[in-house]
Structures are given as C-alpha cells and as structure tokens.
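Nothing in this text is a laboratory measurement; each read-out follows from the coordinates by a stated rule. Values in this document were obtained by computation on a predicted structure and should not be read as measured data. Positions of Cβ are backbone-derived with ideal geometry, glycine not excepted, and every protein chain shown enters the neighbour counts.
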C-alpha cells in the first residue's frame with residue numbers, strides 16, 4: 001500500500017503534517033476525516049525507491065502477504081496485559097514493536113506510538129491502517145476508550161482473534177496434504193514430460209510405428225513444454241497469479257461466492273465458516289457495547305462471501321426500522337441454520353444476545369474444525385485414486401505402441 005505525505009486541517013484551525021498509508025487519496029481523506037481533519041494536500045512518498053534491492057523486495061513481500069494473524073494475536077494479548085498493568089500506550093507500542101518480526105507491522109506500531117504521543121486516540125490512529133486493523137478492531141477499541149474499559153475491549157479482541165486463528169489454522173492444516181500431493185505430482189509430471197517423454201518419442205519414431213491418439217497428445221504436450229517453454233512458463237505464471245489473487249481477494253464476487261456455496265462438501269464448510277465468523281464478529285461487537293445496527297454493518301464488512309455480506313446489510317436496514325434481529329435474519333434460511341434463529345429469539349427474550357451469539361459461534365467453529373478433518377480424510381483416498389488414474393493413463397498411452405510393435409513382429 002503506498003504512503004502519502006499530507007497536510008491536513010481540523011475545524012479549530014489546527015494543522016497537521018505527516019505520512020500515512022492509504023490505497024489512494026480518497027482513502028487518505030476518509031481516514032483523516034475519521035480523525036477530525038480535512039485533507040489540504042497530499043503527494044505519494046517516493047522514499048521507498050531509494051532503498052536497496054533487497055530492502056525493496058522485503059517491503060514488497062511484507063505488503064503482499066500483509067500481517068499474519070498470529071502477530072496480531074500476540075500484539076493484542078500483550079497490549080492488554082500492558083494496559084492492565086498501567087504501562088503508557090506509546091511506551092507499550094514501542095516495546096511491542098521491538099518484539100514483532102513482521103517488518104510492516106513493526107513500522108505501523110512505531111507510527112502509532114508517534115501519533116498517540118501527539119495526542120491522538122488509539123482507535124483514531126488505527127483508522128490509517130484499515131488493511132491491518134479492520135473496522136471491527138477499530139470500533140471495539142473506540143467503545144473501550146469511550147467507556148474507559150480499553151483492557152476489556154482488548155480482551156474481547158484477543159479472544160476473537162484467537163478463535164479466528166484456530167479456525168483458519170484447522171482449515172489450512174487440512175489442506176496441507178492435498179497441496180503437497182498436487183505440487184509434487186505437478187513437478188514429477190513436468191520432469192517426465194521434459195526429459196523422459198522426448199526420448200520415448202524418438203524411440204517410437206525410429207521404429208516407424210503408428211501412434212494412438214492419446215500417445216500423440218502426450219508427445220504434443222511434451223514438444224510444447226520443451227520447444228515453447230517461455231510460453232509454457234508464462235501461462236503457468238498467469239494461472240498461478242490469477243489463483244493467488246483470487247484467493248487473496250478481500251471482496252468476493254457474486255459468481256465466486258455462488259460457486260463455492262454450491263460445491264459439494266466444500267459448500268457446506270464454507271457456509272458454516274461464514275456463519276461462524278458472522279456470529280463471532282457480531283457477538284464481539286455487541287459485547288464491547290457497539291450499537292446493534294452499527295455492529296451489523298461492521299460485521300458485514302468483515303465477511304468475504306457476497307451473499308453473507310448482503311444478508312447482514314439487509315438485516316441492519318430491517319433492525320434500524322425496528323424489526324427484531326431474529327425476525328430480520330429469518331428470511332435467510334438458505335444461509336443460516338434454523339438453530340441460529342431460535343437461539344437469537346431466546347437471547348432477545350433473556351437480554352443475553354451477545355452471550356448466545358458467542359455460544360453459537362463456538363459451536364459452529366467446532367463444527368467447521370470437525371468438517372475440515374473429515375474432508376481431509378476423504379481427500380486422501382480421492383487423491384490416491386486420481387494419481388492412479390493419471391499414472392495408468394500415461395502408462396497405457398506408452399504401452400499401446402509397444403503392443404502394436406509386438407503384434408507386428410508376430
């Protein structure tokens with residue numbers, strides 16, 4: 001994300017100059033407005049270009065992959081402890097910046113310490129880094145500062161991040177085995193097509209044997225990889241980059257969301273994951289004291305699936321008009337389980353909606369973990385069968401010409 005040197009002015013006439021990360025100048029102006037300032041001028045900071053090649057590469061990868069969830073969890077937990085023990089925020093942020101490994105996060109904490117020393121609140125400073133500290137984080141801390149319970153807000157956030165980290169770790173670990181098998185299979189396949197297949201082609205050419213269609217297709221692919229390798233490499237890079245950007249995209253498209261939800265097995269896991277994330281975020285915000293309409297808007301922004309995002313936005317509009325939460329979310333039975341509606345009714349009747357939502361989130365997060373483990377156990381034999389079919393196809397394609405030669409000799 002680029003950095004901008006800016007000049008801004010508040011309603012009292014005070015001016016401020018500084019450097020802030022933002023996607024563009026519109027995002028910069030929006031972040032400054034949240035701090036009570038109006039943008040006067042801005043120019044993109046070109047200082048990064050003066051760095052060495054290695055430092056520039058480090059900056060690029062730090063910004064490409066963002067800040068790991070584990071780093072955010074470490075930061076939030078330790079900041080909570082320091083606030084409880086009475087350590088001043090600027091000093092706490094400086095101490096934590098020295099313990100953080102991620103370069104991008106380290107620079108952000110140093111910047112936060114400097115801004116807070118100037119008199120800014122923590123929540124307003126976080127608005128300058130929405131990619132690292134989402135609106136959920138900002139809103140929770142804002143309520144904590146307003147009520148004088150910042151350590152409680154940090155505790156709520158640390159619990160939420162911990163559960164989110166556990167959920168994502170379980171999904172990632174379930175995908176490790178299939179990913180390793182697919183990558184190793186791809187590498188072995190490329191080696192076979194580049195080194196082994198051309199030699200077999202020369203052997204069959206010397207024997208002047210008629211090749212079946214499958215064998216000709218394999219030889220044609222091998223010729224393309226060997227003779228047109230720059231194009232093959234370019235196609236691979238484009239496909240890999242497209243897949244990476246699709247996975248990393250924060251705003252899921254309608255088509256992508258629809259396809260994922262309709263996929264067998266994976267669709268159910270995705271539905272449960274989004275449901276658990278929505279319930280967890282909503283419960284955390286309500287527990288921190290955020291008004292329900294605002295909490296629904298913020299929670300919708302934390303979701304990637306298009307249909308779940310839209311459902312919470314529509315629910316927020318209905319609740320703003322006076323409809324109960326359980327009634328407003330009832331039309332979305334295709335997304336949320338029936339248990340959610342009934343438990344929300346119980347929460348509204350007892351006045352324990354945040355607690356009920358938290359228990360529901362715990363339940364569905366555990367269900368996601370269980371489902372991903374089952375999915376991983378099902379994928380292992382499926383991958384073995386797939387590898388067997390590919391190897392069998394390749395072997396049969398190579399053996400058919402040999403059978404033809406044997407029959408011709410007889």
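Per-structure values
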quantity	calculated
C-alpha long axis of helix 197-207 to longest principal axis of the chain, angle in °	20 degrees
Pairwise FRET efficiency - residue 69 versus residue 98, Cβ, R0 = 25 Å, nearest 0.05	0.75
Calculated SAXS-style log₁₀ I(q)/I(0) at q = 0.13, 0.16, 0.21, 0.28 Å⁻¹ - the range 129-200, Debye, Cα scatterers	-0.61, -0.72, -0.91, -1.13
Rounded tilt (10° steps) of 103-117 against the dominant C-alpha axis of the chain	10 degrees
Taking the range 75-133 and dividing mean pair separation by its residue count, relative contact order in percent (alpha carbons under 8 Å, at least six apart)	25 percent
Sorted largest first, extent of the range 270-410 alpha carbons per principal axis (Å)	88, 25, 23
Pair residue 324, residue 221: separation of 7 Å Cα→Cβ label points (nm)	5.9 nm
Acute angle (nearest 10 degrees) that the helix 266-288 long axis makes with the longest principal axis of the chain, alpha-carbon atoms	10 degrees
Dimensionless Rg ratio for the chain, taking C-alpha atoms and the 2.2 N^0.38 Å reference	1.28
Over the chain: helical MRE at 222 nm, DSSP H runs n ≥ 4 each giving -39500 (n - 2.57), nearest 500	-24500 deg cm²/dmol
Relative intensity, log₁₀ I(q)/I(0), of the range 82-237 from a Debye sum that treats every alpha carbon as a point, q = 0.10, 0.12 Å⁻¹	-0.62, -0.70
Cα Rg, Dmax, the range 75-133, angstrom units	10.7, 29
